[in-house]
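Please read the structure below before turning to the comments.
Derivation of every value follows stated rules applied to the coordinates shown; laboratory data play no part. This is a predicted model, so every value here is computed, not measured. All Cβ positions, even for glycine, are placed from backbone atoms using ideal geometry, and neighbour counts span all protein chains on display.
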Amino acid sequence: MRASPEDRAPAGLIWGLQRRLLVLLFLPLGLVGLVSVFFHYQGAGTAALQQDQQLLRLVPLLADSVVVTQPRDAPRPIDIDADPGLALLLAPTVEEFLKAREGYAGYGVMDANGRLLLGERWLPTVLPTTSDAEFLSVVEGGITYRVVAQRSRTAAGDLIVMLADGSDARQHWLDTVLVRVLLPNLLLMLVAAVAVTWAVSRALRPLIDLKEAVERRSPRDLSPIDAQAAPAEVRPLVSSLNRLFSLVNDQTESQRRFVADAAHQLRTPLAGLQAQVEAWAQVTRSMGSNELLSLRVEQVLRLRDATRRTSQLANQLLALSRADSIGIDTQPMEQVDLLELCENILALYLDAAAERQMDLGVETAPAQTRGHTWLLRELLINLVDNAVKYTPAGGRITLRCGQDESQTPPQAWIEVEDDGPGIAAAERRRVLERFYRLPGMVAEGNGLGLAIAEEIARAHRTQLRLSDGATGRGLRVRVAFEAVRAPAGAVRESFEG
């Protein structure tokens, strides 16, 4: 049976962190080991140099230690084992050197032809041509000796004096590094790997429990996770998840309310439309042609009005749904000319204003902002539609836009003002709620116009500001945005419907 990716996730999480921790742990240890090896080698080289200098100092003393035991004119023995007529009277320093390195040091005295006169047989034959010392390494009995040979003037004439030291630090530094550096670090790494593996598996247990608790949740369960039960390092993540759950829950609740409200609001005009059609069908069976014609005209007008209301409601619900979408912030913004927008909206409502003998005009100055053109158009349509709908016949409605350079940053704004009945200060917050209508309102409406405008304003990180009209009556609705450039100059235009 194959494990699913979800089943493999905890193990992958553990091994991923373990690998990272082990790498982060082993890298410093490895660097420390390399640095230690380097310094040990440097120390061994320094010790070897000091050893060479010591041998150079001892060779002349060894040469001075050679004494003659036979007259110069006495015949020299040919056999090397015979007494060559020479002896060593070691200087105290040389004697101390040889005793301190017993078994790891040696000396030799040779004649000018390389024949060994005194000392160790295993020493190589070295024939320096000058008085300069020569160094070489010799392996004997598994020991590497550092050997110095020098042609020196002695009591017995020119002889070659050799001194060997088997304690050369450079010959033993590898063993020293292995024992003192590499083995302890390898042991430490092994212990650390076991400890980290165990510690990570124990430390990640609460995180895995949290992951399993989230997986066991129902898709409908958006309640917050208990942050206090999580490790301190994970609490910021849990808090972020809780904020996300809250946003998703609010959005889901908003969508549920929207669907319920839309169903409720659509039920009334559709029921009225159905009743009109059924009444028309029943009455036409028993009426004459003239009466039937008059009734048909009246019923058609009622059906037209009901259809208009239903169409407007559907459009408003669609606009509200789009303005309420959580994806609105992810859509690219564009530069919007508010002056051009006001003029376009004015042209849409000239006929409706003329039918009710209203004075509909604009007072505009250049103003531009960044936003979603289709949403700002919907915002202005709802504000103007509200003003036309609730302002009495013969009233006055003015669209304005401009730019305020005194603000920091500069602001571009749009405004719709009417001289209708206005909205009491106590009701101005409630009229921004969905489907709320002022008590006693005669004009037909759905209570969505200002709510849609407010949602669009929020999507642009601003809000509606409601106040009394210039004369103390009516309503003025203003929306301010962040401007993108200074105005080129003020222009006033007025159109009357």
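Per-structure values
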{"item": "Separation of the THR408 and ILE143 label points, Cα + 7 Å toward Cβ, nm", "result": "8.8 nm"}
{"item": "Sequence-distant residues sharing a close amide H with GLY402 (under 5 Å, placed H)", "result": "ALA365, TRP413"}
{"item": "³J(HN,Hα) computed for each position of region 183-189 - Karplus, 6.51 cos²θ - 1.76 cosθ + 1.60, integer Hz, glycine/proline x", "result": "4, x, 5, 5, 5, 5, 5"}
{"item": "Packing-based order for 447-455, 242-250, using average beta carbon neighbours within 10 Å, highest first", "result": "447-455, 242-250"}
{"item": "Length added when fully stretched, LEU25-ALA425, from 0.36 nm per residue minus Cα-Cα", "result": "137.3 nm"}
{"item": "Among 472-480, 365-373, 198-206, the order from most to least packed when residues are scored by Cβ within 10 Å on average", "result": "365-373, 472-480, 198-206"}
{"item": "Amide H within-cut-off set for ALA483, under 5 Å, with H built and near neighbours excluded", "result": "GLN411, ALA412"}
{"item": "Simple spin-label estimate for ASP221 and GLN357 in nanometres, 7 Å along Cα-Cβ", "result": "6.8 nm"}
{"item": "Under Karplus coefficients 6.51, -1.76 and 1.60, residue-wise ³J(HN,Hα) of region 190-202 in Hz, glycine/proline x", "result": "5, 4, 5, 4, 5, 5, 5, 4, 5, 5, 5, 4, 6"}
